[in-house]
Every structure is written in structure tokens, then in C-alpha cells.
Amino acid sequence: MQRQQKLLCFVILAIALPACLAITIQPRSSWNAAAARSPARIPGKVDYVIIHHSDNPNGCSTSADCKRLIKNIQSDHKGRRKFSDIGYNFIIAGDGNIYEGRGFGLQGSHAPNYNRNSIGIVFIGNFDNTTPSQTMLQNAKDLMAHAVQQGYLKDDYTLLGHRQTKATACPGQRLYDEIKTWPHWKSL
């Protein structure tokens with residue numbers, strides 16, 4: 001009887017798990033984010049995900065280095081660029097973590113003409129000549145699936161590289177080539 005109960009539990013878990021993807025997003029407090037100035041809310045589900053790279057030549061591989069780089073990006077965005085906060089909604093880092101930038105439901109400052117209807121995801125590093133790690137790529141895919149599941153992103157969303165929204169090399173050629181193979185990517 002006990003073996004049958006265990007088998008039944010296993011079958012229930014195997015069926016239920018794909019429907020309830022669980023990811024861990026490191027909160028803003030983990031990288032000591034400064035408070036945002038008047039964040040603008042986005043009502044409902046958005047249509048786009050825009051992929052960026054931070055263009056930091058060496059990226060990061062430890063939590064301490066990644067958090068320092070994220071904090072530096074926020075300081076640059078709020079200071080020199082006069083944004084209300086870090087421009088991106090989420091950060092994919094080389095330490096294996098997903099970090100909250102602005103988060104869900106808040107307008108980013110990452111892609112003119114798309115900010116009000118998108119989630120901006122930045123990969124820390126320069127991906128002109130190298131592709132992000134498999135962990136980083138999977139984290140981004142999991143984050144997008146989570147966004148759909150939680151009602152922040154439309155099921156039929158469009159995935160774009162930053163270079164499709166303005167004249168820039170971002171997100172780097174190798175990362176751009178990679179996302180072009182993902183199901184939601186579209187040519188404009």
C-alpha cells in the first residue's frame with residue numbers, strides 16, 4: 001500500500017510540475033539597489049521581451065562581482081542617463097542567478113518605443129564573440145515562461161534583440177544569433 005501511495009505521488013508530481021515552473025529571482029535588496037524615483041506601472045500583460053547585453057567585457061562569475069556590476073549599471077542609469085532606476089526589468093548574471101531590476105509590472109528604460117509594452121532582460125557581459133553560458137540562456141527562457149505563467153507577458157509575445165528597436169550592436173552578435181533560434185523571436 002505504501003509503495004502505491006509513493007507511486008501515485010510521483011505520478012501527480014510528474015504531471016503537475018510542468019504547469020508550475022518555479023524559479024528564484026534575487027530581489028533588489030540582494031544587490032543593495034537604490035530606491036527608484038517614481039516608477040511607472042504597466043497595467044496588464046505586455047507584448048514584447050527585449051534582450052540586451054551589458055557590454056561589460058569580462059561579465060561576472062561570482063555573486064559579489066555580479067552584484068557590484070548591477071549596482072554600477074544602476075548608478076550609471078540614474079546618474080549619467082537620468083533614468084528613474086536601472087533601465088532593465090531583470091538581469092541574467094554569470095553567477096547563475098536572475099536578479100530583479102525594476103521587476104514585473106513596471107516600465108523600463110531600455111528600448112525607446114517599446115518601454116511601455118515590454119520586459120527588458122539584460123545579460124551581464126559582452127556577447128559579440130561569445131555566447132552566454134547554458135545556465136544563463138536557460139535562466140532567461142525560464143524567466144520568460146514564468147512571466148507568461150504569472151500573467152505579466154502575453155502567451156503569443158514577441159522576442160526581440162535590442163538592435164531590432166534602435167541602431168545598436170546590442171545584444172551582441174552571438175547572443176542575437178542565439179535568440180533568433182528561440183520560438184518567440186520575430187524579424188521586424
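Any idea how many residues of the stretch 122-162 are not aliphatic (A, V, I, L, M) and not in a loop (DSSP other than H, G, I, E, B)?
Of all residues in the stretch 122-162, those not aliphatic (A, V, I, L, M) come to 123, 125-135, 138-139, 141-142, 146, 149-152, 154-158, 161-162.
Of the ones still in play, those that are also not in a loop (DSSP other than H, G, I, E, B) are 123, 134-135, 138-139, 141-142, 146, 149, 154-158, 161-162.
Qualifying residue count, the stretch 122-162: 16.
Quick one: in the stretch 102-128, which of the residues that are within 14 Å of Cys170 (Cβ to Cβ) and surrounded by fewer than 17 Cβ atoms within 10 Å (Cβ to Cβ) is modelled with the lowest pLDDT?
Within the stretch 102-128, the match that is modelled with the lowest pLDDT is Pro112.
In the stretch 64-81, how many residues are in contact (Cβ under 8 Å) with a residue 40 or more places away in the chain, in contact with a Gly (Cβ under 9 Å, 6 or more places away or on another chain) and not aliphatic (A, V, I, L, M)?
Here the count works out to 2.
Note down all Cβ pairs under 6 Å where the first residue falls in the stretch 168-180 and is under 14 Å from Gly125 (Cβ atoms) and open to solvent by 50 Å² or more (accessible area, probe 1.4 Å), the second is among the β-branched types (Val, Ile, Thr) and outside any helix (DSSP H, G or I), and they're at least six residues apart or on different chains.
That search, which allows pairs on different chains as well, returns Arg174/Thr130; Arg174/Thr131.
Could you please find all residues in the stretch 14-33 being modelled with pLDDT of 65 or more, out of contact with any Asp or Glu (no Cβ under 7 Å at 6 or more places or on another chain) and open to solvent by less than 60 Å² (accessible area, probe 1.4 Å)? Don't jump to the end; show me each part of the working.
Applying the first criterion (modelled with pLDDT of 65 or more) to the stretch 14-33 yields 21-33.
Next cut, out of contact with any Asp or Glu (no Cβ under 7 Å at 6 or more places or on another chain) only: 22, 24, 29-33.
Across the stretch 14-33, the qualifying residues are Ser30, Trp31, Ala33.
What is the one condition in (1) more than 12 Å from the chain's Cα centre (by Cα); (2) buried (at least 19 other Cβ atoms within 10 Å of the Cβ); (3) not aliphatic (A, V, I, L, M) that Tyr99 does not satisfy?
Status for Tyr99: all satisfied but (1).
Testing Ala147 on (1) within 20 Å of Ala40 (Cα to Cα); (2) touching a residue at least 60 places away in the same chain (Cβ under 8 Å); (3) over 16 Å from the mean Cα position of the chain (by Cα), one condition comes back false. Which one is that?
That leaves (3) as the condition not met.
Examine the stretch 78-91 for a residue that is part of a strand (DSSP E or B), touching a Leu at 6+ places or on another chain (Cβ under 8 Å) and under 23 Å from Val148 (Cα atoms), and state whether such a residue exists. Break it down into steps so the answer makes sense when it comes.
Start the filter on the stretch 78-91 by keeping residues that are part of a strand (DSSP E or B), which leaves 90-91.
Next, from what is left, pick out any that are touching a Leu at 6+ places or on another chain (Cβ under 8 Å): 90.
Cutting the leftovers down to under 23 Å from Val148 (Cα atoms) gives us 90.
Within the stretch 78-91, one or more residues are part of a strand (DSSP E or B), touching a Leu at 6+ places or on another chain (Cβ under 8 Å) and under 23 Å from Val148 (Cα atoms).
Could you check, for the stretch 173-185, whether at least one of its residues is touching a Ser or Thr at 6+ places or on another chain (Cβ under 9 Å) and assigned to a loop (DSSP other than H, G, I, E, B)? Steps first, answer last, please.
Filtering the stretch 173-185 for residues touching a Ser or Thr at 6+ places or on another chain (Cβ under 9 Å) gives 174-175, 177-178, 180, 184-185.
From the residues that got through so far, the ones that are assigned to a loop (DSSP other than H, G, I, E, B) too are 180, 184.
Looking for residues that are touching a Ser or Thr at 6+ places or on another chain (Cβ under 9 Å) and assigned to a loop (DSSP other than H, G, I, E, B), one finds at least one in the stretch 173-185, hence yes.
Between residues in the stretch 85-107 that are in contact (Cβ under 8 Å) with a residue 40 or more places away in the chain and under 20 Å from Asn58 (Cα atoms) and residues that are small (Gly, Ala, Ser) and open to solvent by 10 Å² or more (accessible area, probe 1.4 Å), which pairs lie under 7 Å by C-beta distance while being six or more apart or on different chains?
Here the result reads Gly94/Gly59; Gly94/Ser61; Gly94/Ser133; Asn97/Ser63; Tyr99/Ser30, each pair linking the stretch 85-107 to a residue that is small (Gly, Ala, Ser) and open to solvent by 10 Å² or more (accessible area, probe 1.4 Å).
The values are calculated or read from the model by the stated rules, or taken from the named source; none is laboratory data. Predicted model only: the values in this text are computed from it and were never measured. Backbone-built Cβ (ideal geometry, glycine too); neighbour counts: all protein chains shown. Side chains included, ligands, DNA and RNA excluded: accessible areas come from the protein's heavy atoms. Shrake-Rupley method; radii C 1.70, N 1.55, O 1.52, S 1.80 Å.
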